[in-house]
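Reading through the structure tokens given below for one structure.
The values are calculated or read from the model by the stated rules, or taken from the named source; none is laboratory data. Computed from a prediction, not measured in an experiment: that's the story for all the values here. Backbone-built Cβ (ideal geometry, glycine too); neighbour counts: all protein chains shown. Just the protein is used for accessible areas: all its heavy atoms, side chains included, with ligands, DNA and RNA removed. Shrake-Rupley method; radii C 1.70, N 1.55, O 1.52, S 1.80 Å.
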Amino acid sequence: MFAPTSELSRQVKEAAAEAGFELAGIAGVGEFPELDYFPTWIAEGRGGEMAYLQARDEQGRLKRASPGAVAPWARSVVVCALNYNSDEPYSTQLQQPERGWISRYAWSRRDYHNVVMKKLKQVEAKISGQWAVGSGQQTQRPEIRTRLYVDTGPLVERVYAKYAGVGWMGKNTCIINQRLGSWLFLGVILTSLELAPDLPAPDRCGSCTRCIEACPTQALTAPYQLDSNRCISYLTIEKRGGIPEEMRAGMGRHVFGCDICQDVCPWNRKAPAGAEPELQPRPELVNPALEWLAEMNASHFAETFRGSPVRRAKLSGLRRNAVIAMGNSRHPKFAATLQRLSSDPDAVVAEQARWALRNIKR
């Protein structure tokens, strides 16, 4: 295989920019210290009910903690980042009690997985083709292996993003870039090419702990440590069935995901809005009406969220979340609706509606 060259690495990054990525970097495939913590995190149950995080190879190794278990042929990891920030208000500015919050990454009509994957394939095509080297002559290369992931593969993308110089891993566990902030979708390309790696991004969180202090459910148990069981994003998206009663009040009016720990981050104050047309927000999903979501039926759900990441919560989960948000709003206008939903055919929705009704009447 070819020795790593800075020229080849430059061309990879250039291809990423041509595909529309704002950031791109290259990391080696190594046993990074951050991955050593992952088995302990899983063993302590901090991954909640997300069984896919526990996938193991034939030797019993956690795939996400063992790069060699995913693709033993890989020599480099190309990490690309796409900005999805918008000019819409933050969740901390939500004032209308009859409305809820969908995380801004899910505001667009297109699922970000598809948008980022399409761009990654453009970069992959360049990597797998013939690359100009030195004086501009073309050199025929042996077969180059690649594998693409967008938030769905057995990798801890944030770790590779750090070592690719894309950004540092903040105390809220998100990747933060000094220029673009943390509103970033990550896509990775594993490749058999030996590419020259970038330097890791320096940690610029300093003494700031705003994200930890702002989390209403204390999901950030310490700097750089997250307990998924307490995270609003996990509760509203991945958790199935009823929400533990002690966690409901802290969810506020979040119905899909949570942006609080990013909203309060100083590095996001001047973060520019993303320019990708396919990721522009749909007005009806910015501060959506809670009654609209709580009374949604299957066909309306399918039509409204076709191609959207919101589908991951499923109809039952989204309605459950909306009902809890109505209870947390304490708005008396919801009483009649919650009374009706207390007998809903969906037992989970009905139980949460009875709790919400009690919350309003307190």
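How far apart, in nanometres, would the label points at Ala17 and Ile42 be if each is projected 7 angstrom from Cα along the Cα-to-Cβ direction?
It is 3.8 nm.
Return the calculated 222 nm mean residue ellipticity for the chain, to the nearest 500 deg cm²/dmol, obtained by summing -39500 (n - 2.57) across DSSP H runs with n ≥ 4 and dividing by the residue count.
So the helix-based figure for the chain works out to -8500 deg cm²/dmol.
Kindly state, to the nearest 0.05, the FRET efficiency for Gln96 paired with Asn297, given R0 = 22 Å and r defined as their beta-carbon distance.
Efficiency at R0 = 22 Å is approximately 0.35.
Assign unit charges at the C-beta atoms only (+1 for Lys and Arg, -1 for Asp and Glu), then state the dipole size of the chain relative to its Cα centre in Debye, rounded to the nearest 20. Show your work: numbers first, answer last.
Working: 46 positive and 38 negative charges, 139 e Å.
Roughly 660 debye, rounded to the nearest 20.
In the chain, what percent of the accessible surface is made up of carbon and sulfur (1.4 Å probe, ligands and nucleic acids excluded)? It would help to have the intermediate numbers written out before the result.
Numbers: 7990 of 15940 Å².
With neighbouring chains kept in place, the figure for the chain is 50 percent.
Measuring from the lowest to the highest alpha carbon on each principal axis, how far does the stretch 187-329 reach, largest first, in angstroms?
So the extents along the principal axes, rounded to whole Å, are 53, 34, 31.
Given the options Pro277, Ala322, Gly28, identify the residue whose Cα lies farthest towards the positive end of the charge dipole of the chain (+1 on Cβ of Lys, Arg; -1 on Cβ of Asp, Glu).
Of the listed residues, the answer is Ala322.
Note the direction-averaged projected area, equal to a quarter of the hull surface, for the Cα convex hull of the stretch 12-129, in nm². Could you put the intermediate results ahead of the total?
Numbers: hull surface 43.6 nm².
Value for the stretch 12-129: 10.9 nm².
Keeping all protein chains in place, calculate the accessible area per residue for the chain (probe 1.4 angstrom), answer in Å².
Numbers: 15940 Å² over 362 residues.
Accessible area per residue: 44 Å².
For the stretch 296-362, I need the span (max minus min coordinate) of the C-alpha atoms along each principal axis, in Å, sorted largest to smallest.
39, 22, 16
How big is the shadow of the Cα convex hull of the chain, averaged over all directions, in nm²? Display every interim value, and only then the final one.
Values: hull surface 76.3 nm².
Taking the Cα atoms of the chain, their convex hull projects to 19.1 nm² on average.
For the peptides 315-326, 89-100, 342-353, what is the packing order when you average, over each peptide's residues, the other Cβ atoms within 10 Å and list the highest mean first?
Numbers: 315-326: 27.2, 89-100: 15.4, 342-353: 17.6.
Highest to lowest by the protection proxy: 315-326, 342-353, 89-100.
Nearest 10 degrees is fine. How inclined is helix 314-329 to the longest principal axis of the chain, computing both from alpha carbons?
60 degrees
Just going by the charge dipole of the chain, with Lys and Arg at +1 and Asp and Glu at -1 on Cβ, which of Ala347, Trp267, Thr304 is farthest out on the positive end?
Ala347
Could you state the number of Å between the C-alpha centres of the stretch 1-75 and the stretch 287-313?
Distance between centres, Cα-based: 33 Å.
Once the piece of chain linking Ser207 and Thr173 is laid out straight, how much longer is it, given 0.36 nm per residue of separation minus the C-alpha distance between them?
On the way: separation 34, 0.36 × 34 = 12.24 nm, distance 1.52 nm.
Using 0.36 nm per residue and subtracting the Cα-Cα distance, I get 10.7 nm.
In whole angstrom, how long is each semi-axis of the equivalent ellipsoid of the stretch 244-294, when you take the square root of 5 times every eigenvalue of its Cα gyration tensor and sort them from largest down? Provide the component values of the computation, followed by the final result.
On the way: eigenvalues 125, 70, 12 Å².
One finds semi-axes of 25, 19, 8 Å for the stretch 244-294.
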